[in-house]
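All of the numbers you see were taken from the coordinates with simple rules; none came from a lab. Remember, it's a predicted structure, so these values are computed and weren't measured experimentally. Ideal geometry is used to build each Cβ from the backbone, glycine not excepted, and the neighbour counts take in all protein chains shown.
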Amino acid sequence: MRRTTVVGWIKVNSVELSSIMIAGDAGSLFPAANVFAVQREGANFLGNEGNLSAFPIFRSYVPMPDVTEQLELSIHHENDTVQVGVMNILGVSASSILQLGSNHHIHAISRVKHIRQLRGTGAEAAEPVISPVVPAVAVPPVPPVAPV
């Protein structure tokens with residue numbers, strides 16, 4: 001049995017960084033985002049910053065679990081309509097999904113590297129704690145992994 005979703009009112013403030021908001025059904029969704037964010041106490045840009053390959057998190061393989069067991073699923077819906085009065089969403093970010101409907105397959109990946117650079121005291125005050133880096137920036141997402 002197909003179901004219908006009825007929402008009286010929805011407000012979404014922000015959808016960003018490879019996120020998806022979809023009203024309706026979908027077969028497959030593959031959101032992916034690479035995010036590199038640096039928070040510094042002082043503005044110091046060296047000009048050669050932002051090489052994502054220097055960070056293993058952006059190169060590592062993401063394993064998919066092998067599904068080997070047979071599943072038996074029985075679903076009974078009391079109503080053929082899902083009804084929601086009001087939805088107030090602050091934000092959908094970094095490969096997340098807000099969906100009003102059904103979906104067969106989702107493969108979402110979000111790789112985030114946060115670095116904080118604090119000013120030291122005394123002799124180390126002239127050197128940043130971690131260097132070189134880039135100011136907060138979103139980079140193009142990695143290609144999605146094909147479903148198995």
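Below, the figures for the structure above:
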{"quantity": "Fully extended contour minus Cα-Cα distance, from Ser53 to Leu71, at 0.36 nm per residue", "calculated": "2.5 nm"}
{"quantity": "Where a label projected 7 Å from the Cα of Ile22 along Cα→Cβ would reach, residues of the range 91-108 with amide N under 15 Å", "calculated": "95-108"}
{"quantity": "Under Karplus coefficients 6.51, -1.76 and 1.60, residue-wise ³J(HN,Hα) of the range 94-101 in Hz, glycine/proline x", "calculated": "6, 6, 9, 10, 10, 10, 10, x"}
{"quantity": "Residues with amide H under 5 Å from that of Arg119, placed H, sequence gap 5 or more", "calculated": "Glu41"}
{"quantity": "Packing-based ranking, highest mean first, of 79-90, 62-73 given that Cβ atoms within 10 Å are counted", "calculated": "79-90, 62-73"}
{"quantity": "Size of charge dipole - the range 31-104 - debye, nearest 20, with Cβ of Lys, Arg +1 and Asp, Glu -1, no other charges", "calculated": "480 debye"}
{"quantity": "Tensor-based shape of the range 1-118 (alpha-carbon gyration tensor, a/c under 1.5 rounded, otherwise prolate or oblate)", "calculated": "oblate"}
{"quantity": "Kirkwood Rh (inverse of mean 1/r, distinct Cα pairs), the range 1-65, angstrom", "calculated": "17.0 Å"}
{"quantity": "Additional length obtainable on full extension of the chain from Val12 to Asp80, 0.36 nm per residue less Cα span", "calculated": "21.9 nm"}
{"quantity": "Full-stretch length increase - Phe45, Arg119 - with 0.36 nm per residue and alpha-carbon distance subtracted", "calculated": "25.2 nm"}
